[in-house]
Amino acid sequence: MKSFVKSAAIAVTLSMCASSVVFADESVRLTGSGASFPAPIYLTWFKDFSKKTAGVTVDYQSKGSGAGVQDFLNKTVDFAASDSAMKDEDIAKVAEGVQLLPMTAGEIVLAYNLPGSPKGLKLPRDVYSNIFLGKITQWNDPQIVAANPELKLPALPITVVVRADSSGTTAVFTKHMSTINPEFKTALGEGNTVNWPASDKFIKSPKNDGVTATVRQTPGAIGYIEYGFAKLAKVDFAQLQNKAGQYVVPNAESGAAALAAVKFPENLVAWLPDPDGAQSYPITSYTWMIFRKHNENPAKAKAMREMVEYGLTEGQKIADSMGYIPLPQAVVDQVRKASANIQ
């Protein structure tokens with residue numbers, strides 16, 4: 001057992017270091033939980049950061065945005081992650097203050113499973129929103145056929161796969177749907193959870209990887225997942241019609257086009273429920289890490305700032321290859337400045 005004197009001396013040394021910190025004399029373990037949307041890239045970042053930073057280990061549990069925010073409020077984790085940021089009423093419960101940092105961005109795709117794996121399925125705005133309202137129920141519906149004259153669509157019921165847990169991915173998805181379809185807004189609304197239609201053709205699965213697996217295993221299925229999961233699982237996903245009327249595939253370019261017009265306010269929370277621009281992918285969002293501004297352990301606070309800096313530099317280099325959108329430089333600069341509030 002290290003003595004109190006030695007621990008105190010190390011803490012003082014850490015707090016006095018100006019730029020880089022050697023954590024080897026006192027191991028620091030950071031714990032985080034939350035969003036599954038960015039989990040693949042976060043887990044890659046944290047593994048590499050832990051490997052390259054002596055004495056620091058970062059553990060992250062992918063359990064959904066809602067569960068992560070609850071863990072943060074319960075003080076069972078050092079940081080959380082959420083695609084739906086954090087509600088003002090929850091922020092007010094944190095006496096230490098809250099710092100939200102957008103760390104990456106991604107696109108929500110509609111993954112599908114059809115016989116023969118037909119590629120290039122196009123879904124108009126009113127069609128895909130009505131599928132999730134339970135109003136369009138067959139793959140050979142005339143509206144889907146009309147948008148895809150080159151595809152042979154089967155007379156197969158549509159099985160809709162949605163999230164079973166409190167999900168920031170659901171919040172982003174339903175915010176978009178409520179923006180483009182007034183009936184969706186009235187009937188289902190938006191949020192981490194919504195009351196999906198009561199139908200045996202709606203299946204619930206936990207987290208992005210659960211929805212991905214269910215779509216893969218269910219002929220006729222369609223579900224909403226983060227692009228990186230679709231890319232990793234090699235599932236088919238639709239081209240979606242954007243606000244400009246264009247059918248767009250998700251990728252770094254169409255995501256960056258969507259993000260281009262976003263200006264962050266001081267709290268670094270901004271949404272783009274239906275982005276402008278002919279090249280913009282229509283369901284695109286930032287996702288946030290959540291920190292306390294005042295932390296009892298200065299070594300942990302320093303390690304978290306170092307972790308953020310890694311994400312802003314080395315971490316952004318792998319975003320595109322993993323199915324995420326690299327942060328615009330202006331956003332990187334804003335996040336770096338705000339991360340100084342983690343003390």
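The values are calculated or read from the model by the stated rules, or taken from the named source; none is laboratory data. Computed from a predicted model, the values in this text were never measured in an experiment. No Cβ is skipped: glycine too gets one built from the backbone with ideal geometry, and neighbour counts run over all protein chains shown. When the accessible area is computed, the model is the full protein with side chains, heavy atoms only, and any ligands, DNA or RNA have been set aside. Shrake-Rupley method; radii C 1.70, N 1.55, O 1.52, S 1.80 Å.
Annotations for the structure displayed:
- Subset of segment 69-87 (residues that are at pLDDT below 95 and not in a loop (DSSP other than H, G, I, E, B)): none
- From D274, D320, D333, residue being within 18 Å of the chain's Cα centre (by Cα) and either open to solvent by 40 Å² or more (accessible area, probe 1.4 Å) or without any contact (Cβ under 8 Å) to a residue 60 or more places away in the chain (or both): D320
- Put simply, of N341, N251 the only residue that is open to solvent by 10 Å² or more (accessible area, probe 1.4 Å) and closer than 30 Å to D126 by Cα is N251.
- Among the candidates A85, A81, A67, residue that is hydrophobic (A, V, I, L, M, F, W, C) and at positive phi: A85
- Residue within segment 152-174 that is free of Cβ contacts under 8 Å to residues at least 12 places away in the same chain and more than 22 Å from V211 (Cβ to Cβ) present: no
- The listed residue being more than 20 Å from Y310 (Cβ to Cβ) and modelled with pLDDT of 50 or more, out of D48, D25: D25
- A residue that is closer than 30 Å to P149 by Cβ, among the acidic types (D, E), buried (at least 23 other Cβ atoms within 10 Å of the Cβ) and touching a Gly at 6+ places or on another chain (Cβ under 9 Å) occurs nowhere in segment 81-101.
- Any hit, segment 226-237, residues being part of a loop (DSSP other than H, G, I, E, B) and more than 15 Å from the chain's Cα centre (by Cα): yes
- In segment 138-151, residue most open to solvent (accessible area, probe 1.4 Å) [restricted to those that are part of a helix (DSSP H, G or I) and touching a residue at least 12 places away in the same chain (Cβ under 8 Å)]: Q143
- In segment 242-254, the residues that are part of a strand (DSSP E or B) and either closer than 22 Å to F37 by Cα or basic (K, R) (or both): V248
- Among residues of segment 235-263 that are within 23 Å of L114 (Cα to Cα), those with a beta-carbon under 8 Å from a residue that is in a loop (DSSP other than H, G, I, E, B) and open to solvent by 70 Å² or more (accessible area, probe 1.4 Å) at least six positions away or on a different chain give the pairs D236/K119; V248/Q279.
- Note on segment 277-323: residues that are in a loop (DSSP other than H, G, I, E, B), at pLDDT 95 or above and among the charged types (D, E, K, R) total 1.
- Any hit, segment 122-132, residues being part of a strand (DSSP E or B) and either over 30 Å from G34 (Cβ atoms) or modelled with pLDDT of 95 or more (or both): yes
- Where A257 falls short, out of the listed (1) open to solvent by 10 Å² or more (accessible area, probe 1.4 Å); (2) part of a strand (DSSP E or B): (2)
- Some residue of segment 175-184 being more than 23 Å from G323 (Cβ to Cβ), open to solvent by 60 Å² or more (accessible area, probe 1.4 Å), touching a residue at least 24 places away in the same chain (Cβ under 8 Å) and β-branched (V, I, T): yes
- When residues in segment 159-195 are screened for being in contact with a Gly (Cβ under 6 Å, 6 or more places away or on another chain), of a type outside the set (D, E, K, R) and assigned to a loop (DSSP other than H, G, I, E, B), 3 of them pass.
- Out of K263, K204, sole residue that is open to solvent by 60 Å² or more (accessible area, probe 1.4 Å), at negative phi, part of a strand (DSSP E or B) and not aromatic (F, W, Y): K204
- Test: residue in segment 44-59 that is of a type outside the set (S, T, N, Q), under 15 Å from the mean Cα position of the chain (by Cα) and open to solvent by 10 Å² or more (accessible area, probe 1.4 Å): no
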